[in-house]
Amino acid sequence: MKGRKAFLIVQSVLCAATAGLLAAAALSLYLEGTARQAAGDLFYSIFTPERAAARLLPILPLLFGSLGMTVGGLILGIRDENQDRPVRDEKLLRSLGGLRDRAVHQQAGPREMYLRAAILVLAAVLIVAGILNGGLEDVLAKGAVICMECVGLG
C-alpha cells in the first residue's frame, strides 16, 4: 500500500515538474525572441527547431522519466484505491449549509437522466447540422488562417 502511494506521489511530482519546466522553457524562448525583436532585429525568428531543441534537450530526461513511470503504472495496474470515493471534508460539508452524506452520494434520478440524454441528442443533432451546413470547412479554413498568422507563416 505504501509503495503504491509513494509511486503515485513520485509520478505526480514528475508530471508537475515536467509541465512546469516545459512552460518555463516556452516562456523564456518567447521572451528572448520578443526582446530581440523589440531591440530592432525585426527578422529574428523566435521559434526555430534549433532554438526549441536547445530549450527542450535539458528537459527530455525528466519528460521520458515521467512518461516511463506513467506507462509503468498503467502496466502494473497501480492506481489510487480511493479515487472513486468522494472526499470527506467535514468543514466543507458544514459550510455548505447542512448538506448531509446522503445528498453527496445521491444518484441522479430518472428526470436528470432524461435531461442529460436530451442535451446529448440535441448536441449531436446540432453538430451534424453544422457539418451538413458547411460549417466544418469554415472552421477548418479559419483555424488554418489563425494558426498561420500566429506562427508567422501568413
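Worth pointing out:
- Residue match in the stretch 21-39 (condition: surrounded by fewer than 12 Cβ atoms within 10 Å (Cβ to Cβ) and in a loop (DSSP other than H, G, I, E, B)): yes
- Helices (runs of 4 or more DSSP H) fully within the stretch 55-154 counting 2 or more residues that are in the same structural domain as LYS2 (by TED's automatic domain parsing), aliphatic (A, V, I, L, M) and at pLDDT 90 or above: 60-76
The values are calculated or read from the model by the stated rules, or taken from the named source; none is laboratory data. Predicted, not measured: the structure shown is a model, and the values here were computed from it. Cβ atoms come from the backbone with ideal geometry, glycine included; neighbour counts cover every protein chain shown.
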